[in-house]
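Following: one structure in structure tokens, then a few remarks.
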Amino acid sequence: MSARGELRVQDLSVRFAGQEHFLFSVASLEIAAGSSLGISGISGAGKTTLFHCLAGIAKPNTGAICWDGTDICSLRDDALGRWRHQNLGLVFQDFHLIDGLSALDNVLLPACFDSWRPAPAVRERACELLDAVGVATGERMAAMLSRGERQRVALARALLLQPGIVMTDEPTASLDPEHRRQIGDLLIELVRSQGATLIVISHEHELLARLDRRMSLRDGQLQLGTDQV
């Protein structure tokens, strides 16, 4: 099976209603399948908006966002939802866990779109992922988890269906240095182990430096980083 997760962006621009100038524009961006890209920038630069555009959550004013040859900007809402489910694993800043469900049931949520009762193999993978990210028991309710544990559960959920693309928005924000390193290690190791393309929005230089490429969203432009690794 060929690698998934090749990205080609052309003439992308976003401008909010009532604004005279574009929030940002991206003339061209290419990411090879299975590689990783980190995007940094000051608060308000548009990083999360770019994240939402690349994930098909928000639509730009102009441009094409082609994942493996499919321009997600041209998809209707129902087709776009199917594409995200089949190809994308997301970790948001606020994790979007359901407090009334256990950690395990939160990880299993993506599989519930296919069946109310996930297959035993899927349930086993969910348990293995929770173990890999260091959550001791999946039976604890999400409401009882610490912020670091919630991040780990969100990461496990993003990887459950082995997506070809994994995107994370500030995955190490608000954590102490030790937990930042742990979450960064888990993120990179687990995504690489399944050969997925990884996009990380972050201001943590230590994490960004470990990725294949680094870019900065600055003055409305996505610019090549100066410390490529």
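The values are calculated or read from the model by the stated rules, or taken from the named source; none is laboratory data. All of these numbers come straight from a predicted model, not from anything done at the bench. Glycine also receives a Cβ, built like all others from the backbone with ideal geometry; neighbour counts cover every protein chain displayed. Accessible surface is based on the protein model in full, side chains and every heavy atom, while ligands, DNA and RNA are left aside. Shrake-Rupley method; radii C 1.70, N 1.55, O 1.52, S 1.80 Å.
Key figures
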| quantity | calculated |
| --- | --- |
| Where segment 1-101 is the region considered: accessible area per residue in Å², 1.4 Å probe | 52 Å² |
| Segment Glu124-Arg140, length gained on full extension (0.36 nm per residue, minus Cα span) | 4.1 nm |
| With every protein chain in place, segment 43-201: carbon and sulfur % of accessible area (1.4 Å) | 50 percent |
| For segment 17-24, 3J(HN,Hα) per residue [Karplus equation, 6.51 cos²θ - 1.76 cosθ + 1.60, θ = phi - 60°, Hz, x = Gly/Pro] | 4, x, 8, 7, 10, 5, 5, 7 |
| Distant-in-sequence amide H partners of Arg15 (H built 1.01 Å from N, under 5 Å) | Leu23, Asn61 |
| Principal-axis tilt of helix 177-193 within the chain, Cα atoms, nearest 10 degrees | 90 degrees |
| Per DSSP, loop GluC sites (Glu not before Pro) in segment 6-77 with at most 15 further Cβ within 10 Å | Glu20 |
| Interchain or long-range residues, amide H under 5 Å from Ala58's placed H | Cys53 |
| Separation of the Arg8 and His203 label points, Cα + 7 Å toward Cβ, nm | 3.6 nm |
| Segment 36-110: trypsin sites (Lys or Arg not before Pro) in DSSP loop, at most 13 other beta carbons within 10 Å | Arg76 |
| Chymotrypsin sites (Phe, Trp or Tyr not before Pro), loop per DSSP, at most 11 other Cβ atoms within 10 Å - longest free stretch of the chain | 117-229 |
| Total formal charge among the other residues, if their Cβ is under 13 angstrom from that of Ala196, Lys/Arg +1 and Asp/Glu -1 | -2 |
| Choice from Thr137, Thr197, Thr49 with maximal GNM fluctuation in the chain (Cα, 10 Å cutoff) | Thr137 |
| Fluctuation leader among Ala17, Ala143, Ala121 - the chain, Gaussian network, Cα springs under 10 angstrom | Ala17 |
| Rounded to whole Hz, the Karplus (6.51, -1.76, 1.60) HN-Hα couplings of segment 148-154, x for glycine and proline | x, 5, 5, 4, 5, 5, 4 |
| Within-14-Å neighbourhood charge of His21 [Cβ basis; K, R +1; D, E -1] | -1 |
